[in-house]
Each structure stands twice: as C-alpha cells, then as structure tokens.
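The numbers here are math on the coordinates, done by the rules we state, and not lab data. Please read these numbers as outputs of a predicted model, since none were measured by experiment. Every residue, glycine among them, receives a Cβ derived from its backbone with ideal geometry; neighbour counts consider all protein chains shown.
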Amino acid sequence: MEISKVQLSFEELLDSKYLAIEIKDKITQGMINILMEKMRRYTGGDSSLSKEKTQSLMDSILYTLSFYMRDIDMQNMIEILKTQDVVEVYKQSQYHLLQQLHHLYLRVQELQSHKLNISLDVYQETITKGLTAFFDVYNFDYCSQDIVLTLDYPTCYPLKQVGLEQIIEYVHYLEIEHDFLNCFQESDIEKVLKGYCFYEHGIIDNISLLFINQLLIKSLIGYNQDFLFQNQEEINQLYQVLSSYSSKELYDVLYRQLQILIKSLESPYQQEILIYFTYILNDLVSYLHQHNQFHTLKNAVACAF
C-alpha cells in the first residue's frame with residue numbers, strides 16, 4: 001500500500017515497516033538521551049530511579065511526541081524523523097503541547113464566564129473547580145500522559161479520546177452545549193429541569209440533554225407557548241402521537257423538529273449544534289417508546305402539574 005494512503009500514529013509508525021532500521025535506531029537513541037536528561041533533572045543529579053518511574057518518564061516522552069505528531073500526515077512525519085534530530089523534535093513537541101495547554105486554559109476561562117446559574121452542584125463544581133484544578137496538577141514535563149481529573153458532569157456525546165485530548169474534547173463538547181443553552185432564558189431551562197419528577201431527588205444527568213429532549217418531545221404536540229406539559233390532556237395527546245409512529249417514523253419526525261429548532265436559534269454555530277444533538281435521537285426514540293404507557297409517560301417528561 002502506498003504511504004500516502006496510510007495513516008499511522010507516531011507510536012504505530014515506530015513499529016511499522018515504513019521506517020528504516022537505522023532511522024528507528026536514531027529515534028530510539030534520541031529518546032534515550034531525552035530520558036537520561038529528564039532523569040537527571042527529576043532526581044537533581046542522581047540518575048537512580050525505580051523501574052516504574054523510569055517507564056512513566058518514557059511514556060511522557062512518547063505521549064508528548066505523539067501529541068505533536070497527531071495532526072501531521074505520515075509522509076511529513078517520516079520526513080521530520082529522517083531529517084531532524086529527535087531531541088529538537090521533542091523540544092518542538094513540548095512547545096506545541098504548552099501552546100495547546102494555554103489555549104485550552106483560555107477556553108475554560110471563557111466557558112466559566114458563560115456558565116449557567118443553574119442549581120445543579122455537579123455541573124457547578126465541574127465547571128468552576130474541576131476544570132481549574134486540572135491546570136494546577138497537570139505536569140507536562142514529567143507526566144504529560146497522566147490526566148488527574150474526574151469528569152463528574154457528563155456531556156451528551158460520549159468522550160472517545162484519552163490524555164490531554166480527552167480534556168480538549170470535553171471542553172469542546174461543553175462549548176457546543178453552552179452555545180445551545182445560551183440561546184434560551186435560564187429561568188426556562190431551570191423550569192424544565194424542575195418539571196421532571198426526578199429533579200427533587202437530585203437525579204439530573206446532563207442539562208442540555210434533558211432540555212433538548214423536552215423541547216423535541218413537546219414539539220410533537222406543539223409548544224403552546226410553554227415548554228412544560230400543562231395537564232393530563234397534553235400527556236394523552238402525546239401518548240396518541242407516539243402510538244401512531246414506528247421507531248423509524250418517530251426518528252424522522254424528531255429529526256425534522258430538531259432541524260427546525262436549531263434553525264430558529266440565534267447562534268452562528270447552528271450546523272455544529274445540529275450535528276452534535278443528532279446523536280441523541282436514537283436514544284430519545286427508545287426512551288419514548290419505552291415509557292409510552294399511561295402510567296409512566298407523565299413521569300418521563302417535564303410537567304407543570
């Protein structure tokens with residue numbers, strides 16, 4: 001297969017056939033030199049370290065190089081490794097990681113300045129304290145691969161990355177959710193959350209997920225100038241509507257309603273918001289069919305009664 005059609009990570013490339021043995025040897029020796037320098041700095045001149053800590057330092061070197069190489073196509077990656085000293089490439093990698101870390105810090109500050117004043121402790125704690133604490137403990141030099149952070153507040157979309165990329169991904173998803181939620185009055189958002197029967201027990205997952213689910217569900221019978229279901233008659237209407245659709249039909253209807261909803265937002269990020277929340281539709285269809293019974297449907301939506 002042609003190199004131009006192959007895409008490998010830095011670590012995968014080191015184990016591949018696409019690098020000559022002498023290049024691999026040069027890279028290995030360069031990484032050993034970096035490791036020895038780190039060990040001297042870490043121990044203050046005494047190069048004696050446990051096997052576990054030595055491996056952790058080498059993992060940090062690998063992660064920093066991989067993070068730098070992640071957006072470089074394989075042909076250019078090979079050219080860099082062939083023509084540049086690995087020690088110099090590592091310095092560039094550290095500088096790149098620090099740049100990304102600084103950019104992430106600014107994004108977190110922006111996110112915090114636009115956070116919702118919603119009385120949900122896990123949300124408030126994660127946004128105001130959890131994300132800030134990450135920057136206090138993250139060690140880009142000796143442990144760049146280790147992320148000491150518990151993301152208690154979930155995003156709508158599941159996280160797929162690891163390491164620093166996971167925090168970047170997490171913040172990006174929160175930015176999308178906030179772009180959506182900031183198009184509405186906080187009082188309306190909190191009213192919807194309090195309309196769920198499980199709110200008083202503190203069983204609240206993701207704010208934007210519950211809110212957009214409610215908007216889409218209510219759209220099936222018309223908003224009627226209120227996001228909440230106002231009485232049992234509206235619940236009965238919803239029951240009739242849901243009973244008339246197959247899963248595929250319901251998905252198609254909800255997707256059209258989602259498109260209409262997102263198009264109505266005063267946001268420059270409509271397309272990104274639409275793509276992001278399309279992910280939740282299959283789960284919403286399953287949720288509605290699962291609860292489409294007279295004795296459970298009211299408890300599945302936000303109500304004013």
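Computed per residue of the chain from DSSP H runs no shorter than four, each worth -39500 (n - 2.57), the mean residue ellipticity at 222 nm is -19500 deg cm²/dmol. At the listed q of 0.16, 0.19, 0.21 Å⁻¹, the Debye profile of segment 152-305, built from one uniform point per Cα, gives log10 I(q)/I(0) equal to -0.92, -1.28, -1.51. From the alpha carbon centroid of segment 65-106 to that of segment 223-279 is 44 Å. For Lys191, a cut-off of 26 angstrom between C-alpha atoms picks up these lysines, skipping any fewer than 8 places away in its own chain: Lys115, Lys129, Lys218, Lys263, Lys298. Can you list the lysines whose alpha carbon is less than 18 Å from that of Lys38, not counting same-chain residues fewer than 8 positions off? Excluding near neighbours in sequence, the set is Lys51, Lys53, Lys91.
To the nearest ten degrees, helix 86-113 and the longest principal axis of the Cα atoms of the chain are 20 degrees apart. Residues His102, His291, arranged from fewest to most other Cβ atoms within 10 angstrom of their Cβ, appear as His102, His291.
With Rh defined as the Kirkwood radius, the inverse of the mean 1/r over Cα pairs, the Rg/Rh of segment 65-221 is 1.09.
When Ile260, Ile221 are sorted by how many other C-beta atoms sit within 10 angstrom of their C-beta, beginning with the fewest, the order is Ile260, Ile221. For the chain, the longest principal axis of the alpha carbon atoms and the long axis of helix 247-263 meet at an angle near 80°. Relative contact order of the chain, taken over Cα pairs closer than 8 Å and 6 or more residues apart, is 15 percent. Computed from the Kirkwood radius of its Cα pairs, the Stokes-Einstein diffusion coefficient for the chain at 37 °C and 0.692 mPa s stands at 144 µm²/s. The HN-Hα couplings worked out from phi for segment 67-73 by the Karplus form 6.51 cos²θ - 1.76 cosθ + 1.60 (θ = phi - 60°) are 4, 5, 7, 4, 9, 9, 5 Hz, whole numbers, x standing for Gly and Pro.
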